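Step one of this worksheet: look at the structure below.
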Protein chains: 2
Amino acid sequence: MSNNVPRRNFSQIILGRPLETSAAPHQAIGKAPALAIFASDALSSVAYATEEILLILALAGTIYFGLSIPIAIGICVLLLILTISYRQTIFAYPNGGGAYIVAKDNLGELAAQTAGAALLTDYILTVAVSISAGVAQISSAFPEVQPYRVFIAIGLIAIITIINLRGVKEASTTFAIPTYFFLGMAFLMLIVGFWRWATGTLEPVTGTVMIEQVVRPLTLFLILRAFSSGSTALTGVEAISNGITAFKEPRSRNAAKTLVAMSSILAVLFLGITLLAHAVGAVPSEMETVISQTARSVFGEGVLYLLMVAATTVILIMAANTSYADFPRLAALAAGDGFLPRQLTFRGSRLVFSWGIVGLAAVASLLIIIFQASVSALIPLYAIGVFLSFTISQAGMVVRWRKISHMQPGEEIVAEDSITRHDPRWRPKLIVNGVGAVVTGIVMMIFAITKFRDGAWIVIIILPSLVWIFFRIHRHYRAVATRLSLAGVTKSVTARSVQTLVLVDNLHAASIRAINFALSTGQPWSAVHVSIDEKRTADLQRKWAERMGDYPLVILPSPYRSLTQPLAEYVQQIRQQDPEAYIHIVMGGLTMETYWEQALHRNSTLAINLAFRHIEGVAITNIAFQLGHEQGQINEDEHDGQF
Amino acid sequence: MSNNVPRRNFSQIILGRPLETSAAPHQAIGKAPALAIFASDALSSVAYATEEILLILALAGTIYFGLSIPIAIGICVLLLILTISYRQTIFAYPNGGGAYIVAKDNLGELAAQTAGAALLTDYILTVAVSISAGVAQISSAFPEVQPYRVFIAIGLIAIITIINLRGVKEASTTFAIPTYFFLGMAFLMLIVGFWRWATGTLEPVTGTVMIEQVVRPLTLFLILRAFSSGSTALTGVEAISNGITAFKEPRSRNAAKTLVAMSSILAVLFLGITLLAHAVGAVPSEMETVISQTARSVFGEGVLYLLMVAATTVILIMAANTSYADFPRLAALAAGDGFLPRQLTFRGSRLVFSWGIVGLAAVASLLIIIFQASVSALIPLYAIGVFLSFTISQAGMVVRWRKISHMQPGEEIVAEDSITRHDPRWRPKLIVNGVGAVVTGIVMMIFAITKFRDGAWIVIIILPSLVWIFFRIHRHYRAVATRLSLAGVTKSVTARSVQTLVLVDNLHAASIRAINFALSTGQPWSAVHVSIDEKRTADLQRKWAERMGDYPLVILPSPYRSLTQPLAEYVQQIRQQDPEAYIHIVMGGLTMETYWEQALHRNSTLAINLAFRHIEGVAITNIAFQLGHEQGQINEDEHDGQF
């Protein structure tokens, strides 16, 4: 066979030339670029987490904005627990220890699918939230684009989708640039800000209008709500544990160091921005983000301010982009296990999981349209999934340590994704992961309860539904495999009789072609005409008598103008006479050169296929008659399809 | 064949049981119900015509609102000319003399297609304008629904569409009720209103806020613009000339009398409402229609007011409904002549032109969404088409009288749609139609110029484009007919060799079925496997060797993971060896019981069909394997399709 690269067509102009299966690359990267690549999701959340805390505190009044600082400290404590817990996972699963794999390995399918559903949901929300937050940055700097936020957000998703369909080397070091640009700008803002604060030259923010709300008393519930909102800052912390294989050897050690570095940076940035926002008196506003207000106060309305907004926008878009790697990969993993449609495991022409990418883009766009690109409206849906997957993953680790506690030195359990070895220090490690599981579980409960009415109920309904659907799909694939299995079947293939029916609408070159084919198979055949219009039928009968003479022509009346129903009845009549026979229905289709021409004709092939798909032993043949070019000529341009 | 009524399925629950072709009824109706049926379009326009005049005059200031009265009188003069002209058409074309038929008969295809494009465009706009105006009535009485106007409008279109897909007896006398209800309410309003005016008890309207506009000087251009807006009152006047066959004998005489009655009522209502609106000082407002303001002043805010609003809403919806009869009928006429897609001539299960109905609903809904259900925004697009068709129709009549002027007494020209006879009084009749043609032509020009910037330019671009498309379609159908024609072909059908390829993905019950069928045709065959995943291929080869032994299995490598491209290359190789042979590709598809299950499988039948449709002499056979039920059993439930 020829291995020529297929010719370029429209989709190839958009997506690039197809890549060979053997072209899948793999390169290991150092800690500095790895930090940049895996941290964008986690770090970008500092762009909105502080604002979301203030938005809830504002319900009790601006006098309580100072509470944002202890809340941020609490979240940093949570981050510390998570980091220590995940460090252990990284060493335990050097081939990548996402919650799905850890759960499958230790807790069974139900936990694994629950983690899968939680993570897939959150990857979608990461796209929706990050893009909305990115657009909010743009509209902070350029308020005139405010009315077009949804439009801009959908446009950005479209661009990211096309880039990912083209295929992105996830480990590309060019991705490091925006992350370090953001880190540079953010730390510059903190340094300048705190310097001006210390020197008393930091001016309060001006010209913002706070969102108007009815003031209510400050309750513990409200504080917990604010804490929940802020804990969205922790989404993305698990990213490194998924991507250990991208690191240079010693993989686990390098990944662990990168995780600690990322968490430290995240803690400093989050606390710093929260303090600075409080110092300048930033308020949650419809028109300008808190981070934009803070940057504007610190830098003034100059180039540095615009650079800070640009950096924030870019890192948020990068964060959305990480979901484009994570979502299709996890979906393909679950599909490979038979819990999601198998199409999700197909790699497209550019070796990417196209269905996963398109699915992610579609659902995220839908969310953005429904929630009008509002970060605050999306936040209550976000992070439950992440915290659920944190809990499942840590609980899985606890089970793993318990398994190890029963092992002898030197003993090994080799599973699909991991090797479990004896570890004398299992007890403190079990405690660490146990604390991680309990704490993230509690945070998840707090989140679900305090955000329930704001939208968390949607996720609480969707997650179990998804898990149920995953198992339904799994059951289906198993049932199909059983039904198709040849195990125990010993009968070999045998010829049966074939009754050929040629569908004839009118007597012309295309129907002659179909008749010619039926004749060529050498089996008995008759022409069949479904009579919808009496004049046409009479016309056909006359032409048939003239040209086809002795060959049989069966006329099936169709009083209700259905093409398929009289034919189905006729097929059943034949079946009654010869139940073993194959019924072979031959149709001559017309192929036009363009789609608009094709649309001008009754294209009944699909209709006939659909109508007979439930009838046993019916073969439906379509033989196309090409109108556009001379007979015998083969058009080489259009028979490449990627499905 | 059995003529049993097909079983009920979902679409039948919505649309009702199928109707036999022979069930198409025809009943003649009297003048009173005919007036009601044909007049709703014309009469309903009084609901917005006055308001649209005032809206333009408001640009110069409310002091000029009095000008609405001379403008309305001018429009009534135009109505008089049109009525006399169309009276002559009714007598000349007793089988229905729409502009399309009159133009085809006298002016040729270009004029006929122009009239067709103009009328089809205006039927769509009638739906959009009438429904929007109907919703404006509802939101006048219940301002709380104001934000949901587009939503309500689309809902109404959906309901009308379903009713029309079920099939509506156009001549049903039940349609008379809403028209007479509206006439009763409208005349009651005029009588009470003028009585209160005469007695000095008519109070000016209160509580309305006029649309704010920058005031500009009153110019002739502005007056002509107001006149154009008001002339939308005349849309629908041509309806009777289309529907003459629905009348009792003597058809033409009865139709002519009904036309005169309708025009008189329209003139009285339009003038009356315009006068009364001026008397109560109604102003164009975003919140309440002028007719609602007038009714509120005359009746007070009681039951009579609500009845008047209800009657206006209902007549507007009826007016939209008339387009549901006119549009599909004219589209089917043009499609029958080969200028529109032939599918438009197919009658659905309920004997209606389903494609035309759905197409009309789709475009009208789109217009309502784009123009946010605003009557004033839609008006500049409306009525150009109607006036163009008036002009063409009257010009056609002029040509006809000139033809008649050359005829001898007793001479007859029998054409497809008309019989032309000598008429000694041709000269005055020619003058009447000539005046009609010139006057409507001038009004159309005024409309196009004064409304150009407001939206008329859209129609001025769309109309010629449509005509061009109609002729493109016509040329296509003629070319296909030539290409398919067997004229001059004397060769009879002859057998050629058939090379069968069975596509095998994996060896299981479904592929065994396909192999069995290929074997049964008795032609040489080989199994072909497109290798996308090496593991699967090795697995297949092992199973094949075990079970199929000697039968040939061809493996086609697919480095770019395309299913169709390696297959297409292989087919071409075979073709080169035997250019005359049919290539017969056999596939075993899986049929699931439900659509969601079907969606979980790679359904490549369509992909293969699309990929090979441009290659000559390739027959593609799909033989379905039914997973849902036991082998050999025929499922009778699902093979009914209406296409």
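Each reported figure results from applying straightforward, stated rules to the coordinates on display, with no laboratory input. In this text the structure is predicted, and so the values were computed from the model without any measurement. For neighbour counting, all protein chains shown are included, and Cβ atoms are generated from backbone atoms with ideal geometry for every residue, glycine included.
Does the protein assembly as shown come out rounded, prolate or oblate by the C-alpha gyration tensor, with a ≥ b ≥ c the root eigenvalues, rounded set by a/c under 1.5 and, if not, prolate when a/b is larger than b/c and oblate if not? Don't skip to the answer; put the middle values down first.
Details: a/c = 2.51, a/b = 1.23, b/c = 2.04.
It comes out oblate by the Cα gyration axes.
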* Structure fact -> Tilt, helix A:509-520 to longest principal axis of chain A (alpha-carbon atoms), in degrees rounded to tens, equals 80 degrees
* Structure fact -> Under the Karplus relation with 6.51, -1.76 and 1.60 and θ = phi - 60°, whole-Hz ³J(HN,Hα) for the range A:64-75, x at Gly and Pro, equal 8, 4, x, 4, 4, 6, x, 5, 5, 5, x, 5
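Relative contact order for the range A:509-556 using alpha-carbon pairs under 8 Å, separation at least 6, rounded to a whole percent? Mind dumping the intermediate values first?
On the way: 26 pairs, mean separation 21.7, N = 48.
Across the range A:509-556, relative contact order equals 45 percent.
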* **0 to 90° range, to nearest 10: angle between helix B:534-547 axis and chain B longest Cα axis** => 60 degrees
* Expressed as a rounded percentage, what relative contact order does the range A:498-627 have, with Cα pairs under 8 Å and six or more residues apart? -> 30 percent
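Give me the percent of DSSP beta bridges within the protein assembly as shown that run antiparallel, rounded to the nearest 5. Spell out each step's value before the answer.
Numbers: 13 of 61 bridges.
Antiparallel bridges make up about 20 percent of those DSSP assigns within the protein assembly as shown.
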* Structure fact -> Taking a straight Cα-to-Cα line shorter than 18 Å from residue A:403, and setting aside same-chain lysines fewer than 8 residues away, one finds A:104, A:429
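Counting each DSSP H run of 4 or more residues in the protein assembly as shown as -39500 (n - 2.57), what helix-only mean residue ellipticity at 222 nm follows after dividing by all residues, to the nearest 500 deg cm²/dmol?
On the way: 46 runs with 752 residues, N = 1286.
Rounded to the nearest 500, it is -19500 deg cm²/dmol.
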* With a 10 Å Cβ neighbour count serving as the proxy for reagent exposure, in which order, fewest first, do A:313, A:206 appear? -> A:206, A:313
* Which value, in nm² and rounded to one decimal, describes the direction-averaged projected area of the C-alpha convex hull of the range A:9-118? -> 12.7 nm²
* Asked: Can you list the lysines whose alpha carbon is less than 23 Å from that of residue B:543, not counting same-chain residues fewer than 8 positions off?
  -> A:491, B:535
* Asked: What is the set of long-range amide H partners of residue A:554 at a cut-off below 5 Å, with H atoms built 1.01 Å from backbone N?
  -> A:527, A:528, A:529
* Structure fact -> In order over the range A:449-462: 3J(HN,Hα) from phi, Karplus 6.51/-1.76/1.60, θ = phi - 60°, whole Hz, x for each Gly or Pro, gives 6, 6, 9, 3, 6, 7, x, 4, 4, 4, 5, 5, 7, 5
* Once the mean 1/r over all distinct Cα pairs of chain A is inverted, what Kirkwood radius in angstroms do you read off? -> 28.8 Å
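If we count other beta carbons within 10 Å of each Cβ, what is the order of A:41, B:454, fewest first? Walk me through the intermediate numbers first.
Numbers: A:41 25, B:454 17.
Fewest to most other Cβ atoms nearby, the residues stand as B:454, A:41.
How would you rank A:71, A:449, going from fewest to most other Cβ atoms within 10 Å of each one's own Cβ? Please report the intermediate quantities before stating the final value.
Numbers: A:71 25, A:449 14.
Listing A:71, A:449 from fewest to most nearby Cβ atoms yields A:449, A:71.
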* Asked: What are the lysines whose alpha-carbon lies under 17 Å from the alpha-carbon of residue A:257, with same-chain residues fewer than 8 places away excluded?
  -> A:31, A:248
* Asked: Regarding the range B:498-627, what are the three Cα extents along the principal axes, ordered largest first, in Å?
  -> 41, 33, 33
* Percent RCO, i.e. relative contact order, over chain A, from Cα pairs under 8 Å lying at least 6 residues apart -> 20 percent
* Structure fact -> Taking every DSSP bridge whose two residues both lie in chain B, the antiparallel percent to the nearest 5 is 15 percent
